[in-house]
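Each remark here refers to the structure printed beneath this line.
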Amino acid sequence: MVSNLPIAICLSRVWVWFNDETLWGDVIKKYPSTAKAHADLGTFYYIRNRFKEAKEEYHKSVVADPRYAMGHNNLAAMHERDGEHEAALEHYTKAVALDERSEFFHLNFAKFLTNTGNVEKANEHYLVALQIRPDYAPALNNLVINFLNLGRTNEAKNLFMRLSTIAGYEKQAQSALQAVHEKETSSSKK
């Protein structure tokens, strides 16, 4: 006689795999101090515009493991979203310090610094991101914009040329380079 026990066990666990919320919720029930599970559940909530719950899970992730860089990065983004700039600065700083080889964390920190008016410090983080990954188009693109806003057109042009070699960014870089050329032409006529 064949036992139905394995099937019953399997079916009893199917609900856990229903979606990320039930999956990570189950992991958290069994292992409440798992930083990644809290962060992933936070991302599940974030994607569904459940920002308060997302922020709570990101906070739980850094409490569970204060050395979990992704948790700090995600919590920083939530603080930034809520206009809590001091808390955002604290957590972006921690994320970069914990994983200084992450171009993604440097990019996010640089965007925050740009948005809060610390453009020169932001440029430093964009440059670090590009040292880590020279073809990182988001960092190139944002650094170009910062250089243009600072009047550093020659540096912007060089970065535009790099950006134009990255698949998917050719047209954007070429049209932006044309705009810089037109700007230079019009200002030299004055």
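The values are calculated or read from the model by the stated rules, or taken from the named source; none is laboratory data. Since the model is a prediction, treat every value here as computed from it, not as a measurement. Here the Cβ is made from the backbone with ideal geometry for all residues, glycine too, and neighbour counts use every protein chain on show.
What is the one condition in (1) within 27 Å of residue 81 (Cβ to Cβ); (2) crowded, with 18+ Cβ neighbours inside 10 Å that residue 149 does not satisfy?
Among (1) within 27 Å of residue 81 (Cβ to Cβ); (2) crowded, with 18+ Cβ neighbours inside 10 Å, residue 149 violates only (2).
Yes/no matrix, rows are residues, columns are (1) over 23 Å from residue 173 (Cα atoms); (2) acidic (Asp, Glu); (3) at pLDDT 95 or above; (4) in contact with a strand residue (DSSP E or B) (Cβ under 9 Å, 6 or more places away or on another chain):
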position: 92; (1), (2), (3), (4): yes, no, yes, no
position: 100; (1), (2), (3), (4): yes, yes, yes, no
position: 115; (1), (2), (3), (4): no, no, yes, no
position: 124; (1), (2), (3), (4): no, yes, yes, no
position: 144; (1), (2), (3), (4): no, no, no, no
position: 148; (1), (2), (3), (4): no, no, no, no
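Is it true that some residue in region 83-98 is assigned by TED's automatic domain parsing to the domain that holds residue 62 and not in a helix (DSSP H, G or I)?
Yes; the residues of region 83-98 include at least one that is assigned by TED's automatic domain parsing to the domain that holds residue 62 and not in a helix (DSSP H, G or I).
Residues that are charged (D, E, K, R): find the helices (runs of 4 or more DSSP H) completely inside region 116-167 holding 2 or more of those.
Where helices (runs of 4 or more DSSP H) fall fully within region 116-167 and carry at least 2 residues being charged (D, E, K, R), they are 119-132, 153-163.
What number of residues in region 80-102 are buried (at least 20 other Cβ atoms within 10 Å of the Cβ) and in contact with a Lys or Arg (Cβ under 8 Å, 6 or more places away or on another chain)?
Residues meeting the conditions: 0.
Please go through region 47-79 and give me each residue that is among the charged types (D, E, K, R), surrounded by 14 or more Cβ atoms within 10 Å (Cβ to Cβ) and touching a residue at least 12 places away in the same chain (Cβ under 8 Å), ordered by number.
Pass one, region 47-79, residues among the charged types (D, E, K, R): 48, 50, 52-53, 55-57, 60, 65, 67.
Still in the list and also surrounded by 14 or more Cβ atoms within 10 Å (Cβ to Cβ): 50, 53, 55-57, 60, 65.
Within region 47-79, 55, 56, 57, 60, 65 qualify.
What residue, among those in region 57-82 that are not basic (Lys, Arg) and not in a helix (DSSP H, G or I), is farthest from residue 33 (Cα to Cα)? Quick ask: steps written out before the conclusion?
Restricting attention to region 57-82, the residues satisfying the condition of being not basic (Lys, Arg) are 57-59, 61-66, 68-80, 82.
Applying the additional criterion that residues be not in a helix (DSSP H, G or I) yields 65-66, 68, 82.
Values: 65: 8, 66: 11, 68: 12, 82: 26 Å.
Among residues in region 57-82 that are not basic (Lys, Arg) and not in a helix (DSSP H, G or I), the one farthest from residue 33 (Cα to Cα) is 82.
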